[in-house]
Amino acid sequence: MTKYLIRAMVLPMTGPDDFYENGEIAVVGDSIVFVGERGSAPPDFVPDRIFDLKNDVVMPGLINTHTHAAMTMLRGYADDMPLMPWLEEKVWPFEARMNSEDMYWGSALALCEMIRSGTTTMVDMYIKEEETARAVLETGTRALLSRGMTGLDRKAASVALQENIELFNNYHDAGQGRLKVLLGPHAPYTCPGEFLQTVKQEADRLGAGIHIHVAETKAELATIKERYGTTPLRWLEDQGLFGGHLIAAHCVYLDEGELDILKQYKIGVAHNAESNMKLNSGTALIPRMLEKGISVGLGTDGASSNNDLDMFGEMRSASFQQKLVGSPEDLKAYEVLDMATNGGARVTGLKKLGRLAPGYKADLISIDFEQPHFYPRFSIPSHLVYCARGGDVRTVMVDGKIIMEDRRLLTLDERRICLEVEKRAKRIAFKVFNEN
Ligand code: NI
């Protein structure tokens, strides 16, 4: 097993006061075996390679708890529109024309961007997820993948569920456990109760978690109220969907009683501040959720509603959004970092992620702090949330393997990926324009 010693400033995310100005991290195989002051690793630890990153801050890799990777194909294709015309006239006709290869290249582009901005694990929901699985396996990152399923058309719903089950059978725990598969019913307003009950039965049978959008917009709230006379989260509870591992994306419109439901069923929340702002969806009650001890992670959502996949930008926006509607004391820098790391680990159920400590997975990133926007160095957490950009990430390790070194992607042909996506996305946009 390969042994690495990393010397750097170390922010282990094990507590607000934990920081090593002259730190070192020892890695054996896929795991961390030591974190501490420089020169204090066990004397019998003989590394195969030493990384001297003394101008960098090393921290746990970021966990993006809700995205649609291949939607990078639609980045900038349609913006600044109300939600429904945007979906009906732009997004859905484009998606309907995407083939498997398009999904693969779109996913690969998302992974380039994610690695470059320090994301080492993503929770994804989309169609043709086997192509995303292929890209993740080649690239070396971690992912929890779900086939997005809508249940309004019975036959299509049954095909989609079959595809999600196949995805589970083929890819759950693949890549030495780097891949997990969840079931992905899209949302309460696109899935009838009967379909959700079937999904839950299958999830229980397979031992799979569930990933779903919940209470994202006022329109969803109104639709569910009109159809069922209740709220989206309560209606999902009535369908028996809760009880197992479940990731609920958005959770913008919840009342106090529904926060208790989240807590009771240990539901993990994927908070998507930038997407909620861009689509004018609203502001989730994140400080209240954290007070109640609900697990909250951060997500970028897809690249057509963000429009980047940079978790550093997401952290800053998540904090600023709460400060705007609440108080400047809401979502402090360390709390936001904690959501992007430990919170993400809890939401995904990947217990050995989110912090740098012995026994944890060697998923870590280094940020180049030798830059003007990181001086003076009063507070590292403050700089990481309020000043850092994705492009400041220099080196990325996942599962003990270096996948970006000195800003060079080692497992992806970035140039080719950009060119393929450019060609494919333009071709689809041209078709949509001509055929509509
Ligand atoms: Ni989404």
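Structure data summary
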read-out	value
Note, ³J(HN,Hα) from phi for segment 85-97, Karplus 6.51, -1.76, 1.60, rounded to Hz, x at Gly and Pro	x, 4, 5, 6, 8, 10, 5, 4, x, 5, 4, 5, 9
Total lysine pairs whose alpha carbons fall under 23 Å of each other in segment 331-436 (8 or more apart, or interchain)	6
Value of [θ]222 nm, deg cm²/dmol, for the chain, DSSP H segments ≥ 4, -39500 (n - 2.57) each, nearest 500	-11000 deg cm²/dmol
Counted charge near ASP124, where neighbours are those whose Cβ lies closer than 14 Å (Asp, Glu -1; Lys, Arg +1)	+1
Karplus 3J(HN,Hα) series, Hz, for segment 359-375 with 6.51 cos²θ - 1.76 cosθ + 1.60 (x for Gly, Pro)	x, 7, 5, 7, 10, 8, 10, 10, 10, 6, 8, 8, 9, x, 6, 10, 10
Unit charges on C-beta of K, R, D, E only; dipole of the chain, Debye	340
GNM result for the chain, Cα springs below 10 Å: residue of PRO185, PRO82, PRO287 fluctuating most strongly	PRO82
Proximal aspartates and glutamates relative to LYS155, as straight alpha-carbon distance under 18 Å, when same-chain residues fewer than 8 apart are discounted	GLU163, GLU166, GLU194, GLU202
Sparse-neighbour loop sites [trypsin sites (Lys or Arg not before Pro); segment 319-389; at most 13 other C-beta within 10 Å; DSSP]	LYS351, ARG377
Model label zone, SER158; criterion: amide N under 15 Å from point 7 Å along Cα-to-beta-carbon; scope segment 172-209	194-196, 198-199
Accessible area per residue in Å² at 1.4 Å probe, computed on the chain	40
Under-5 Å amide H pairs with VAL296, H placed in peptide plane, nonlocal only	VAL269
Between 0 and 90°, nearest 10: helix 193-206 axis offset from the chain longest Cα axis	40
Whether segment 62-348 is rounded, prolate or oblate, judged on the alpha carbon gyration tensor where a/c under 1.5 counts as rounded	rounded
GLU89 paired with THR2, simple spin-label distance in nm, labels 7 Å along Cα-to-beta-carbon	5.1
Cut-off under 5 Å, modelled amide H: who pairs with LEU145 long-range	ASP124, LYS180, VAL181, LEU182
Paramagnetic label zone (point 7 Å from Cα along Cα-to-C-beta, ARG407; backbone N under 19 Å) in segment 368-385	368-375, 384
Carbon + sulfur, % of accessible area of the chain - ligands and nucleic acids excluded, 1.4 Å	51
Karplus-derived 3J(HN,Hα), 6.51/-1.76/1.60, for each residue of segment 77-84, Hz, glycine and proline x	6, 8, 10, 6, 10, x, 3, 5
Relative contact order (percent, whole number), segment 62-348, Cα cutoff 8 Å, 6+ residue spacing	20
Placed amide H near SER31: partners under 5 Å, 5+ positions off or other chain	ALA362
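The values are calculated or read from the model by the stated rules, or taken from the named source; none is laboratory data. These figures come from a predicted structure and were not determined experimentally. So basically every Cβ, Gly included, is an ideal-geometry build from the backbone, and we count neighbours across all protein chains shown. Heads up: the accessible areas ignore ligands, DNA and RNA and are worked out on the full protein's heavy atoms, side chains in. Shrake-Rupley method; radii C 1.70, N 1.55, O 1.52, S 1.80 Å.
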